[in-house]
Amino acid sequence: MAITIDCESVGDRLEMEEYVDWVHRNVEGLDEASVMESAPQLRALAKNRELILDLVESSLKEEGSYVQDESVNQYTDSAFMLYNSGRERRKESRRDKFLYFAVRAVVWRVPRLWPNTTEREDKIHSYELPHDHNFTFLTTGYYGPGYKTDIYEFDYNDVEGYPGEPVDMRFLEQTYLPEKKVMMFRKDTDIHIQHAPESLSISLNLIITEGREDIRNMTRQFHFDIEKSCITDCPLGPADHGMALLELAGEIGDENTADIIARIAQSDPHPETREMAYKAFARLVPAERERIQTAILDDPSPIVRQARV
C-alpha cells in the first residue's frame, strides 16, 4: 500500500541546499527502498519554517506577477516548485546516471463556497478525483491538519488504459497527512482520492522522475471511477508531447515525413501515439489506407485497434 514511514528527522532542520545535496548523493533513482530511506531528511527539511515564507515573500516582491514562471513550475497554482534537478543537471553526482527529481510545496485550500468557485478549486487540487501517479513521490505534512485521503491499489500491468476498462482495485485505508507524517506513494500502483482539509494545509513532496531522455518510455496516469471499478480517462501525459506534432505532420508532410511517421506507428511505446501516427500516415499516403488499417487491427493495444482511417 501507500507506505506510512515512521521516522524521526535527522538532527536540526535542513536548508534546501543541504537537502538537495543529500538526495543527489544518496537516493538511487527509482529504487523505492532508497526513496523511503530518505524520509528522515524530508522531515528535517520540513522543520525549516522559513522555507515557504521566503518563497511567498519573494514571489510577492515580483512586480506584475505573483506566480512562478511556467518554465519553473509546470503544476497548478496550488503548487510551488522549490527545486528541479532537470534545470541544473548537476555533474558532481556520484552515480553514472543523473538523478532527476523535484521538490515542491503543495497548498491545500478549503474550497470557498462562492458561486462557480468550488468546482474549479476541486479541479485545481484534484479533490474527489480518484487518480494514480506515473512517478514515485515522498510527501510530508508541513503545515495544518492535512488533507484526508482514501487509498486503493491496482496492478498497472493488468490494464490497457482505455476509458471504461474494468480495473481490479483493492481498498487499503483512509488516512490523513498532518504535520510530521511521511508517506510514500508508489508509481503505477497507488490510487488515491484527496478530500479538502479542515483548514489550509501545506505538504512537501520529493518527486522522483525518469528524466527528459526517458520521457517517451514513461507510463501513463489514469483517472478512475471507484464505484464502477473502471478507468474514466487518461489525462495529459508523455504521449501528448508528440500528438500535436504528428497531427500537424499529417497535414503538411511529404514522403520523407511519411517514412518517419510510419516508424513511429510501428515502434512507439504509447498506443495513443501509435494511433495518431497511423492516422497521420493515412492522410499522407491515402493509397495505403487498406494496408494501414490491417496494421492497426494487428496492433497489440485495443486503443489502437478501434481506430479507423
Burial ordering of HIS131, HIS192, HIS270, fewest other beta-carbon atoms within 10 Å first: HIS131, HIS192, HIS270
Relative contact order (percent, whole number), region 240-305, Cα cutoff 8 Å, 6+ residue spacing: 32
Prolate/oblate/rounded label for region 240-305 (Cα gyration tensor, a/c 1.5): oblate
Residue order, fewest to most beta carbons within 10 Å, for TYR143, TYR162, TYR19: TYR162, TYR143, TYR19
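Bear in mind that the values in this text are calculations on the coordinates, not laboratory data. It should be emphasised that the depicted structure is a prediction, and the values quoted were computed from it without experimental measurement. We place every Cβ from the backbone using ideal geometry, glycine too, and count neighbours over all the protein chains shown.
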